[in-house]
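None of the figures in this text is laboratory data; all of them are computed from the coordinates on show. Every value quoted in this text rests on a predicted model; they were computed, and no experiment measured them. Methodologically, a virtual Cβ is constructed for each residue, glycine included, from the backbone with ideal geometry; neighbour enumeration extends over all protein chains shown.
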Ligand SMILES: C[S@@+](CC[C@H](N)C(=O)[O-])C[C@H]1O[C@@H](n2cnc3c(N)ncnc32)[C@H](O)[C@@H]1O
């Protein structure tokens, strides 16, 4: 992990050497807050300009078939029950500045989130609970590397019994779709994931291949580590299941995953668990130091996948290097 601002890290020879070699940039940037937060998010129009400026430089790092996936949450205008469009405007500006295609927009749904914004949801009861984030999957190519067979969901009960029964009602549906006689009789090992993902472990809506990994005690171990060392646990950690899902979907064992806003390094942990290499950058030294807690012995990922045995041996030791990087303009 490189400690410093991404703007400076992009000038670092270590990242220069990665140009054209990163298979996936997976990140959740600081949110476009209305008021400044502790870790110094940009606000308003300057947020859009800041993210937009980073786009060409980040895109240079990608392989021709690489992807960049950005998660942005919802935010609200101050004092009124009106949503801010800054996050979406920033994503649009980023896409344009990077000359990227929007491969797909995905919704990350987390029904377990506490009701917010409290004033409009709990007190005035005039808005609904905010329970999703926007995930924009962008790419340089119209056909980035991706394989939805790696993130199949468990079949529903109905589908399982249909596969057993080997019969169903074929023909035209009211929607106009024509269902063939045999199209649904082949077992493909699972259902194709929709573009609404619920990585909440309890909801068990993750591909079976990832459930064991996301169900580990990694977050508890991380928090315990921070507590022991006196670091503040990162207040805006992304859901581990989301990182696991996209890394599995868009990369292969041995590929390189990069997170320019690493925070507690959820991305790095997920990448390592799946036998990928990773690089992360984080501006806040304390968060970077706390992220070591993701790689202590009990939390360090042990890849179990059949095709990642070789890589698993390579990554068994945590590869966390925390260095203080200074701007070298
Ligand atoms: C939303 S958080 C990322 C959380 C992370 N995905 C996780 O699961 O822990 C955004 C992070 O970006 C960091 N940050 C803010 N500005 C930055 C910059 N210019 N360069 C690098 N990191 C920055 C913040 O300190 C914060 O930790």
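Please report the antiparallel percentage of DSSP beta bridges with both residues in the range 22-149, rounded to the nearest 5.
Counting DSSP beta bridges with both partners in the range 22-149, the antiparallel share is about 75 percent.
Could you tell me the distance between the Cα centroids of the range 209-278 and the range 126-149, to the nearest Å?
One Cα centre to the other: 18 Å.
Starting with the fewest neighbours, write out 175, 139, 180, 84 ranked by other beta-carbon atoms found within 10 Å of each beta-carbon. Please report the intermediate quantities before stating the final value.
Values: 175 6, 139 25, 180 9, 84 17.
Final ranking by Cβ density, sparse to dense: 175, 180, 84, 139.
So how far apart, in nm, are the two label points at residue 112 and residue 155 if each is 7 Å from Cα heading toward Cβ?
My value for the distance between the label points is 2.8 nm.
Tell me, 140, 157 in order of fewest to most beta-carbon neighbours within 10 Å?
On the way: 140 18, 157 8.
So the residues, fewest neighbours to most, are 157, 140.
Could you tell me the calculated FRET efficiency between residue 82 and residue 208, based on Cβ-Cβ distance and R0 = 45 angstrom, to the nearest 0.05? If you can, show how the numbers build up before the last one.
Details: r = 41 Å, r/R0 = 0.91.
Rounded to the nearest 0.05, the efficiency is 0.65.
Calculate, for residue 296 and residue 18, the FRET efficiency according to 1/(1 + (r/R0)^6) with r their C-beta to C-beta distance and R0 35 Å; round to the nearest 0.05.
Details: r = 27 Å, r/R0 = 0.77.
The value I calculate is 0.85.
So, by mean Cβ neighbours within 10 angstrom, what's the order for 109-115, 8-14 with the highest one leading? Don't skip to the answer; put the middle values down first.
Working: 109-115: 13.4, 8-14: 15.0.
Final packing ranking: 8-14, 109-115.
What is the distance, in nm, between label points placed 7 Å from the Cα along the Cα-to-Cβ direction at residue 285 and at residue 229?
For the pair residue 285/residue 229, the computed spacing is 1.3 nm.
Among 3, 121, which comes first, second and so on when ranked by fewest other beta-carbon atoms within 10 Å?
Ascending number of Cβ neighbours within 10 Å: 121, 3.
With each label point set 7 Å from Cα along the Cα-Cβ vector, what nm distance links residue 141 and residue 104?
Rounded to a tenth, the inter-label distance reads 1.7 nm.
What is the extension gain from residue 148 to residue 195, computed as 0.36 nm multiplied by their sequence separation minus the C-alpha to C-alpha distance, in nm to one decimal? Don't skip to the answer; put the middle values down first.
Working: separation 47, 0.36 × 47 = 16.92 nm, distance 1.10 nm.
Gain in length upon complete extension: 15.8 nm.
For the range 28-171, what does the alpha-carbon gyration tensor say about shape, rounded, prolate or oblate, given a ≥ b ≥ c as the root eigenvalues, a/c under 1.5 as rounded, and a/b over b/c as prolate? Intermediate values should be presented prior to the final figure.
Details: a/c = 3.06, a/b = 1.27, b/c = 2.42.
Oblate is the answer for the range 28-171, as a/c is 1.5 or above yet b/c matches or exceeds a/b.
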